[in-house]
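Trainee: The structure that follows is given in the form of structure tokens.
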Amino acid sequence: MTPVPGRSHTPLAYADATGLAQLGRAADAVCRRLHPEPYRTYNIDRNINYTNICAAVCDFCAFYRKSNDADAYVLPRDVLYKKIEETIALGGDQILMQGGLHPSLKLEWYEELLRDLKSRFPQVNLHAFSPPELWHFHKLNKIPLCEVLRRLKEAGMGSLPGGGGEILVDRVRKAMTVNKCLTDEWLEVHRVWHELGGRSTCTMMFGHIETLAERIETLERLRQLQDETGGFTAFICWTFQPEHTDMAHIQPAGAFEYLKTQAIARLYLDNIPNIQSSWVTQGLKIGQLALFFGANDMGSLMIEENVVASAGTVHYLTLEQIKNAIREAGYIPRQRNVFYQLIDEQEVINQKINGQKQKSLVSLGISDSSQSRQPERTPVFLTPDS
């Protein structure tokens, strides 16, 4: 692992710290420095797994199927349309579209899919295809990676998700997967996408066979690429969910390890602007507490999620639960898109108008029964400063 020149601390020093509260305070301080605004964000999107057929074999995955399995599928186009229409109706602006490494679908199939969806739903961002998928497209079609990404971008791919990152150390990747891109290849997909002007997210799934040093090496590789390109908008980490996988014997990491790791990530990746809470694997309360351990974003409403759910995790939240979690933590909930642009301006303006109206009526001694006043909320969690 290459050391970072001029840094006065190492991540291992943080990782060895025994005081979770102290670690949380440090991460929260970095978060507040980067995000002094009075709000915390969320977005509304849907995970659509267009196929579960995959040429790779990953010991940690309970989702993938082989082509001849009875429950293998490629979603029909009309099913995709319906899922996107439902997402728009719920206020969503994005589709996270990922699948397996399909052994026979050619690049033209993906281009046509993107063009079709973009022409029907021009307002929806297609956050599409993980780096392992894109590397697979490049290898299967024998087309340079840059051309693959350029063609997909022209067809309507709006941004690149960070799936398939797991741990960015080849020892770990080779031990858990077969026929899947290695570390340098995963990073190269992001690098080339960033060079084309694209933005992406990055991820880390931990709590399986990796060592602590290998978690830190993963953060280091992400930090180096961000220093080089500046193309990552956010980092998301989550704990491995072993149930129903070939690694079911591994004891799952708990909330303590999750909060500790996320806090370390916020401290180390201070060149990546946003950290998402992982309530999908941790549940509402720990997902909310993550807002005091470096996260400035509650992630997605996630109308649909199949991969983590296949491994036995069943945490689901409503939009109001997400908003309330942010309010109870002492912040204003704001909806954003994948580029972290706020997209709820009119709603906020209406809230301000209603608030001013209430103040005027109160000053005149008049009540407005048409407005339902919300009581002041106090955080359900003590902050790490307490």
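Trainee: Compute the FRET efficiency between residue 227 and residue 21 as 1/(1 + (r/R0)^6), taking r as their Cβ-Cβ distance and R0 = 25 Å, and round to the nearest 0.05.
Mentor: Efficiency computed from Cβ-Cβ geometry: 0.25.
Trainee: In terms of modelled amide H atoms, which long-range or inter-chain residues lie less than 5 Å from the amide H of residue 55?
Mentor: Hits under the 5 Å cutoff: 101, 102.
Trainee: So for 83, 118, what's the accessible-area order with a 1.4 Å probe, most first?
Mentor: Accessible-area ranking of 83, 118, largest first: 118, 83.
Trainee: Debye sum, Cα scatterers, segment 220-279, no solvent: what log₁₀ I/I(0) at q = 0.23, 0.26 1/Å?
Mentor: With no solvent term, the Cα-only Debye profile gives -0.91, -1.02.
Trainee: Figure the gain on full extension for residue 316 and residue 88 (residue separation times 0.36 nm, minus the Cα-Cα span) and round it to one decimal in nm.
Mentor: 80.2 nm
Trainee: Taking the Cα-to-Cβ direction at residue 146 and at residue 284 and moving 7 Å from each Cα, how far apart do the two end points lie in nm?
Mentor: Once both label points are built, they end up 5.0 nm from each other.
Trainee: Let me ask something additional. How long is the gain from residue 154 to residue 139 if the chain were fully straight, where each residue apart is worth 0.36 nm and the alpha carbon distance is subtracted?
Mentor: That pair, residue 154 and residue 139, stretches by 3.4 nm at full extension.
Trainee: Okay, next question. Rounded to whole Hz and in sequence order, give me ³J(HN,Hα) for segment 265-281 from the Karplus expression 6.51 cos²θ - 1.76 cosθ + 1.60, θ = phi - 60°, writing x for Gly and Pro.
Mentor: Rounded to whole hertz, the list is 4, 5, 5, 7, 9, 6, 9, 9, x, 10, 10, 9, 6, 10, 5, 4, 9.
Trainee: Express in Å², to the nearest 10, the accessible area of residue 109 obtained by rolling a 1.4 Å probe over the protein heavy atoms while all chains stay in place.
Mentor: 70
Trainee: So what are the ³J(HN,Hα) numbers for segment 333-338, from phi and the Karplus equation (6.51, -1.76, 1.60; θ = phi - 60°), rounded to whole Hz, Gly and Pro as x?
Mentor: So the J values, rounded to whole Hz, are x, 10, 7, 9, 9, 5.
Trainee: At residue 328 and residue 174, where each label point lies 7 Å from the Cα along Cα→Cβ, what is the point-to-point distance in nanometres?
Mentor: Distance between label points: 4.7 nm.
Trainee: For residue 170, what accessible area in Å² do you get when you roll a 1.4 Å probe over the heavy atoms of the protein chains, rounding to the nearest 10?
Mentor: We get 60 Å² for residue 170.
Trainee: Residue 68 to residue 243: extension gain in nm, 0.36 nm per residue of separation minus the Cα-Cα distance?
Mentor: 60.6 nm
Trainee: Distance cut-off 19 Å, Cα to Cα: go down the list 106/153; 285/323; 66/142 and report the pairs above it.
Mentor: Pairs exceeding 19 Å: 66/142.
Trainee: Still on this structure: Considering only the other residues whose Cβ falls under 12 Å of the Cβ of residue 159, what net charge follows from Lys and Arg at +1 and Asp and Glu at -1?
Mentor: Summing Lys and Arg as +1 and Asp and Glu as -1 gives 0.
Trainee: Sorting check: for 216-228, 125-137, which peptide has the highest mean count of neighbouring beta carbons within 10 Å, and how do the rest follow?
Mentor: Put in order of decreasing packing, that is 125-137, 216-228.
Trainee: Which of 218, 279, 268 sits closest to the plus end of the dipole of segment 200-289, meaning its Cα is farthest towards the positive end, when Lys and Arg get +1 and Asp and Glu get -1 on the C-beta?
Mentor: My answer, from the dipole projection, is 279.
Trainee: Measure out, as a whole number of angstrom, how far apart the alpha-carbon centroids of segment 183-220 and segment 82-142 sit.
Mentor: Between the Cα centre of segment 183-220 and that of segment 82-142, the gap is 21 Å.
The values are calculated or read from the model by the stated rules, or taken from the named source; none is laboratory data. Everything numeric in this text was worked out from a predicted model, so none of it was measured. Backbone-built Cβ (ideal geometry, glycine too); neighbour counts: all protein chains shown. The area values use the complete protein model at the heavy-atom level, side chains included, leaving out ligands, DNA and RNA. Shrake-Rupley method; radii C 1.70, N 1.55, O 1.52, S 1.80 Å.
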